[in-house]
1. Using Cα springs under 10 Å in a Gaussian network model of the chain, which residue among 195, 97, 108 shows the largest mean-square fluctuation?
2. Given 9/67; 175/243; 63/241; 9/243; 67/243; 67/175, which pairs have Cα atoms separated by over 32 Å?
3. Could you work out which residue, out of 274, 157, 141, moves most in a Gaussian network model of the chain, that is, has the largest mean-square fluctuation with Cα springs under 10 Å?
4. Filter the GluC sites (Glu not before Pro) in region 197-291 to those in DSSP coil with at most 11 other Cβ atoms within 10 Å of their Cβ, and list the result.
5. Calculate, for residue 106 and residue 247, the FRET efficiency according to 1/(1 + (r/R0)^6) with r their C-beta to C-beta distance and R0 35 Å; round to the nearest 0.05.
6. What is region 1-48 by shape, rounded, prolate or oblate, if you read a ≥ b ≥ c off the alpha carbon gyration tensor as root eigenvalues and call it rounded for a/c under 1.5, prolate for a/b larger than b/c, and oblate otherwise?
7. Only Cα pairs within less than 10 Å get springs; with that Gaussian network setup on the chain, which residue of 288, 116, 162 has the largest fluctuation?
8. Full-extension gain between residue 129 and residue 39, please, as 0.36 nm times their residue separation minus the C-alpha to C-alpha distance.
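The values are calculated or read from the model by the stated rules, or taken from the named source; none is laboratory data. Quantities reported herein were computed from a predicted structural model and do not represent experimental measurements. As a convention, Cβ positions derive from the backbone with ideal geometry for all residues, glycine included, and neighbour counts pool all protein chains shown. Remember, those area values only see protein heavy atoms, side chains included, never the ligands or the DNA or RNA. Shrake-Rupley method; radii C 1.70, N 1.55, O 1.52, S 1.80 Å.
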Amino acid sequence: MPQNLLSIKDIARADFQALCEQAETFRQNPDEAVPIDTSQQGGLLFFESSTRTRIGFETAAWKLGIKTVSIYETKHNDTMSAAESLPDTIRTLNPYVSFFCIRHSDEVVFSQILPYTSHPVVNCGNGTQEHPTQALIDGYTMLSRFGSLDGLNIIMTGALRYSRAANSLMALLAKFNGVSVTAFTESDLDFRDKVIRDFVGNSNEYRHSDSPDWGNAQVIYSAGFTPSNPSGDYSQAVRDKYKITREIANNLGDGIIMNPLPRINEIDPDVDETPQAHYFQQNENGLYMRMAILERYCLLAGSMC
Ligand code: CP
């Protein structure tokens, strides 16, 4: 595995399997005490808002005995009379920390960061492009439930083109065989051609459908409608068309409904009590996967540097 986790494309199947096994070990031993590791300190740099990823990595670090320092929200720049450059921020914090977890709205942000640090860097979301740690959480959730990602039948809905979580999940699924993805969304919100091409390369199937076969799916992945939509606001009519209702949940049988959260209104709250609702379990899995990621990239990698 490379030192940095910047793209899900850099993760081989065997790496994914190893991370899932470690996450499962953490899940089964949630209260195991670990000594404070004073040699490690995490820099959590969130230049875009985040609840789960930021708090999740902070909690995961603390559970591993690692202390953290944080920058969060875009006010970092707003409150300064002139914004500090990102390279200067990295150079300033580099001596204080031993790894970085970074979210930024700029898709090419890491080209500005990597020249100024030799510490491991974890991508916690860069623009609409990638969210590799969320994809690992999502893949781990599917693996826990179904035992394999090969052959899964998945319906994906929401503003897929602009969902970094959905884009990274497609890149993860591309590593498996016989996966079927049905995109249920507006044509202009469907995945970019390149994402689809990369996915179907490995004997996987992709189709766009206006009336998906809910009864045969194992997973409904509701990606939601990102607040920052480069193509303009989503109308309420569009949002309502792709809302997951209790009726859809009931049709799903043994399948599960996933969502990277935050859920705004793309899943009716009365779905929450159905056995198909799996998004809060998915969120809990995030803690164990983030622990596995930090252990692999920031503790083991750090000790090898
Ligand atoms: N799923 C996810 O990335 O959530 P946050 O934006 O709250 O981190």
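1. Looking only at 195, 97, 108, the largest GNM fluctuation is found for 108.
2. Details: 9/67 29 Å; 175/243 29 Å; 63/241 41 Å; 9/243 30 Å; 67/243 40 Å; 67/175 34 Å.
In this structure, 63/241; 67/243; 67/175 lie more than 32 Å apart at Cα.
3. Answer for the Gaussian network model of the chain: 274.
4. Values: sites: 205, 247, 266, 273, 284; in loops: 266, 273.
Within region 197-291, the qualifying GluC sites (Glu not before Pro) (loop, at most 11 other Cβ atoms within 10 Å) are 273.
5. On the way: r = 41 Å, r/R0 = 1.16.
Efficiency for this residue pair is about 0.30.
6. Numbers: a/c = 2.03, a/b = 1.11, b/c = 1.83.
Oblate shape, in that a/c is at least 1.5 and b/c is the bigger or equal ratio.
7. 116
8. My answer for the length gained is 29.1 nm.
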